Amino acid sequence: MRVTSNSIKTRTIICFAITLICVCILDTILSHNVEDELSTGHRFAHKFNFEQIYCYDNVQLPKPTVGLLYPRASETREVNSLDGVWQLVRSNASDPLQGIREKWFGRSLRSTGREIIKVPVPASYNDLTVDQELRDHVGTVWYERHFFVPSSWNMSGTRTWIRFGSIHYECIAWINGQRAVKHSFGHLPFEVEIGRLVKYGQENRITIMVDNRLRNSTIPQGAVIKESTDNGSVDVQTFTFDFFNYAGIHRSVQLYTTPAKYIKDIELKTQVNKQMGRIDYRLWIGNEQEQDVSRYINVKLLDRDRNVVAHQLNRNYHNGTLLIPNVKPWWPYLMHPEPGYMYTLEFQLMAANGLLLDSYQLPVGIRSLNWDNNSIYINGQPIYLRGFGKHEDSDIRGKGLDNALLTRDFSLLKWVGANAYRTSHYPYSEESMEFADEHGIMIIDECASVNTDLFQPELLQNHMTYLEQLIHRDRNHASVIAWSIANEPRTQKPAAKEYFGKLANYTRSIAQGRPLTAASNAEPTKCMMSAYLDIIGFNRYNSWYHNSGRTDMIINPMFEEALSWRQLHQKPVIVFEYGADTLEGYHTLPTFIWSEEYQTTMLSKHFQAFDKLRKLKWFIGEFVWNFADFKTEQTYTRVGGNKKGVFTRNRQPKYSAYLLRQRYHMLAFMLNNASLPTDLFNYIIDFGL
């Protein structure tokens, strides 16, 4: 066979064309918004190690959120809770949008002929019954309940709102068959005015469709794929994060009123300079076309005993400054004899004739927050963080708000001597943030970006929007000392560099005076994200995922890696995760992996590494993974979930909790001269006898 140069050129052109077509098809698969193809995109990307580099020039900055103040009753506002028992219908998993087509929202769910399940709100629906299909359901469920709106709310000058603390993941809500609001992103609040939709003094119906499906562009990411079973094909939700994908109405649903002209939003910034405190405030007034110079704002600051300690009348009511002599600063737990001191800040919007138009109160802790390349400072004092990664997770209720559990968790945090935790891996409830304020527990506030991968522009858009909503919600909390933009993203990939550069630059522009951090599990020299952060955080499981069973391979690797992060970035360094799974009641001598003795030994070895690092001054925190055991998806590597907690899932201590308690309280004693608990060490012997 004769081969000519022309035939070689022709074949080369054909091969190039085929390659180009394949790349285009693959790009379409990766970016098309269909569940099956998203899953295929994951598989192709990993199989062929295909890495798309995206252009983010067309990504729009999120529109700033205004509003969403936590509902609080006052002289001018009323609040009614819709928490309680609701009705739930599970959609057919193979036809999740059947209810939309058949307009279930326009009639009672009972009329659909489907099984009605009575469920509590707030709560995840997955573990409430013994139904395996409900636990593992992929797709939509429908909630419904009836409620009354008082006739007294139907008066001129009163506006009626409904506010949802969190619904996971995406939802649409209807009032009396009329669409009220749609929202994406779990773990964050949203609201809508419903005065035009409700019947005052009569019974109303609210219907909510909740969709738990995660995709490549959601926060967090996932993919829905088809799998064959003995009974045919089914949709299966896949994801890489290591916690159960609970779904439902996770936090409170509340009706509330405001006046026609009302205080819509409040932004606070505080400082402490010696004995003088300062609050800079900014107000947004709802339903205001332009500032009315005849109105003014009456500002009062009340101490814990409800005494007025600062007062101001301000005709420039959109912003102002309040000075507080002899201020009692907000301090972290065990850093001061009176930690978590909270004032109450009251704003009253007044008419020219002295008539009260609106009143709103909110708790405020007054403190200064600064950071440099060596540490974070509260009120000018360097802090050392001793804490946990946590989860909102409990038996039966799942991720549903549980104030009894919050009370227990904060009691345990203080018992063990912790002063901080990271909201791994999503924003926690607003109620938990107030608990943290009041107890002096510092918060690394993390968005729900877990194992971020396939860095598409739509994902960046959603990631920015999520962070904007998170920062807006939590900006006024004294306990929040940093924003965490991601946990264990795939930052070794080239596409991560520009993605996180764009994300960090945007987030820093709205950061409300807090540093940016994240938890990386990449090697220091390969991480494309950490250069954009203010605080370096990393996760490393020496003697568990690395060198399993070898507790003699912890101190040096941990020290050397932390040093490497420091040398690369010259920023403060925190270990956000280290730990070992431990079966409660499993004991071995000598220590063996999974035993309570092994977890205790592992912690002790890390303590030695951390003390070596503390001497270098730029190492500022140690966070055990995890506070308590928690549920994960079913896998042969998880016996009843993730067992790395130092407390069990029902909040009882494992053996390691007592060692950790001694560590944390001794650190507070050494660094801040805190008093030691009288029961920190058990009596053993009197050496004087």
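What shape does segment 420-547 have by the C-alpha gyration tensor, where a ≥ b ≥ c are the square roots of the eigenvalues, rounded means a/c under 1.5, and otherwise prolate means a/b greater than b/c and oblate the rest? Before the final figure, lay out each step's value.
Details: a/c = 2.00, a/b = 1.30, b/c = 1.54.
Oblate is the answer for segment 420-547, as a/c is 1.5 or above yet b/c matches or exceeds a/b.
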### Summary
From DSSP H assignment alone, runs of 4+ in the chain each adding -39500 (n - 2.57), the sum over residues rounded to the nearest 500 puts [θ] at 222 nm at -7500 deg cm²/dmol
### Query
How many angstrom lie between the C-alpha centres of segment 166-184 and segment 387-431?
27
### Message
Shape verdict for segment 382-672, please, from the Cα gyration tensor: rounded (a/c under 1.5), prolate (a/b greater than b/c) or oblate.
### Response
rounded
### Query
Residues with amide H under 5 Å of residue 624's amide H, sequence separation 5 or more or different chain, H placed in the peptide plane at 1.01 Å from N; which?
387, 388, 389
## Note on the structure
For segment 273-367, shape from the Cα gyration tensor axes a ≥ b ≥ c, cut at a/c of 1.5 then a/b versus b/c, turns out prolate
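Over 20 Å between C-alpha atoms is what I'm after, so list which of 300/328; 63/264; 63/571; 182/261 land there. Mind showing how you got there, number by number?
Numbers: 300/328 16 Å; 63/264 16 Å; 63/571 31 Å; 182/261 25 Å.
Pairs exceeding 20 Å: 63/571; 182/261.
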### Peptides ranked, highest mean first, by Cβ atoms within 10 Å: ranges 233-243, 157-167, 72-82, 564-574
157-167, 564-574, 233-243, 72-82
### Query
Quick one: Karplus J couplings for segment 517-531, per residue in order, coefficients 6.51, -1.76, 1.60, θ = phi - 60°, nearest Hz, x for Gly and Pro?
9, 6, 10, 9, 10, 7, 5, x, 6, 10, 6, 8, 9, 5, 4
### Summary
Scalar couplings 3J(HN,Hα) for segment 668-673 by Karplus 6.51 cos²θ - 1.76 cosθ + 1.60 (θ = phi - 60°), nearest whole Hz, x for Gly and Pro, are 5, 5, 6, 8, 10, 6
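Throughout, read-outs are computed from the coordinates displayed, never taken from laboratory work. Small disclaimer: the values here were computed from a predicted structure and weren't measured. Here Cβ is always computed from backbone atoms with ideal geometry, including for glycine, and neighbour counts include all displayed protein chains.
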